[in-house]
Amino acid sequence: MSNTTGSSLEGFSKVYLQYHGYISVLVSLFGILTNSITFIVLTHRSMRHSVTNVLLAALAVADGLTMASYLPYATHYYIMTTPSPMPTRPRLWVDFIIIHSCFTITTHSVAMWLTVSLAIFRYITLSRPTKAIEWCSMSRARLTIFLTWLLTITFCIPNYLSFQVVYSSSPSGALSNETSSNQTSNETSEETVVPDSWIWIDKSHFATAHNGLLHSINFWILSVAFKLIPCVLLTCATGFGHFALREQTELSLPSLM
């Protein structure tokens with residue numbers, strides 16, 4: 001049963017791979033277009049005075065940047081060329097993978113935390129309407145956006161330092177961490193000897209130093225601070241906001257009757 005399922009999934013993967021690039025490009029273009037329209041509408045003179053609209057406009061920017069980065073990635077790696085586990089990419093596009101990965105992790109994490117902030121602002125507005133004027137002011141919304149970008153970039157520094165381009169002496173793959181570490185002193189001469197075709201990405205010297213401390217820190221930041229905690233907070237804020245909305249509706253019913 002498991003062999004049959006595995007074969008089916010593998011077959012589906014091979015078939016879907018032929019269309020993934022085109023689907024990704026269409027989704028990316030659609031996301032860039034819709035987020036651009038959202039930003040233009042929400043920043044219009046008549047709309048920009050709403051705290052919710054300011055947060056939504058900032059969210060549209062973060063989402064749009066994520067889509068904009070994925071567009072050239074999908075175009076090159078799934079349409080212009082085919083995905084390959086072999087390190088046969090030009091140096092420029094290997095550098096692009098690192099930049100694209102760091103950039104999209106940053107923008108996607110910003111979007112996650114802005115969504116959480118929006119849900120918290122909404123809950124405060126529903127549950128504490130008198131306090132919301134002070135707690136959810138325009139200045140605090142802008143401060144929230146600024147701090148979200150600043151803290152996300154700060155917490156992403158371990159990820160920025162965790163990977164590097166490495167050179168391989170054979171087409172079987174990139175250099176191992178041990179080989180790369182031993183040849184640090186010869187890195188300059190290695191780049192002139194090894195062809196550009198045999199380059200790929202591996203953990204950096206920072207990531208492997210001190211028994212992989214930076215790599216471990218990066219793992220916990222990405223998995224907990226940028227994934228688990230925002231999901232938990234978003235679920236709680238959305239749930240509490242729903243109950244607050246029900247309370248407000250029930251309180252308004254007697255006056256209507």
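The table below lists the values:
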| item | result |
| --- | --- |
| Largest to smallest accessible area among TYR19, TYR167 [probe 1.4 Å] | TYR19, TYR167 |
| Per residue, in Å², the accessible surface of the range 1-60 once ligands and nucleic acids are set aside, probe 1.4 Å | 71 Å² |
| Distant alpha-carbon pairs in the range 103-166 (separation over 14 angstrom), percent | 63 percent |
| Probe 1.4 Å - accessible area at VAL51, Å² to nearest ten | 30 Å² |
| Rounded percent of accessible protein surface that carbon and sulfur make up, the range 1-80, 1.4 Å probe | 70 percent |
| Net +/- balance of residues flanking CYS136 in space, Cβ distance below 11 Å, scoring K and R +1, D and E -1 | +3 |
| Amide proton proximity set for VAL166, modelled H, under 5 Å, gap of 5+ | TRP200, ILE201, ASP202 |
| Cleavage-rule hits (trypsin sites (Lys or Arg not before Pro)) in the range 34-133: DSSP loop, at most 11 neighbouring Cβ within 10 angstrom | ARG45 |
| Rounded to the nearest 10 Å², the accessible area of TYR123 at probe 1.4 Å | 70 Å² |
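The values are calculated or read from the model by the stated rules, or taken from the named source; none is laboratory data. Source: prediction; values computed, not measured. Cβ coordinates were reconstructed from backbone atoms using ideal geometry, including for glycine residues, and neighbour counts include every protein chain displayed. We work out accessible area using only protein heavy atoms, side chains counted, and drop any ligands, DNA or RNA first. Shrake-Rupley method; radii C 1.70, N 1.55, O 1.52, S 1.80 Å.
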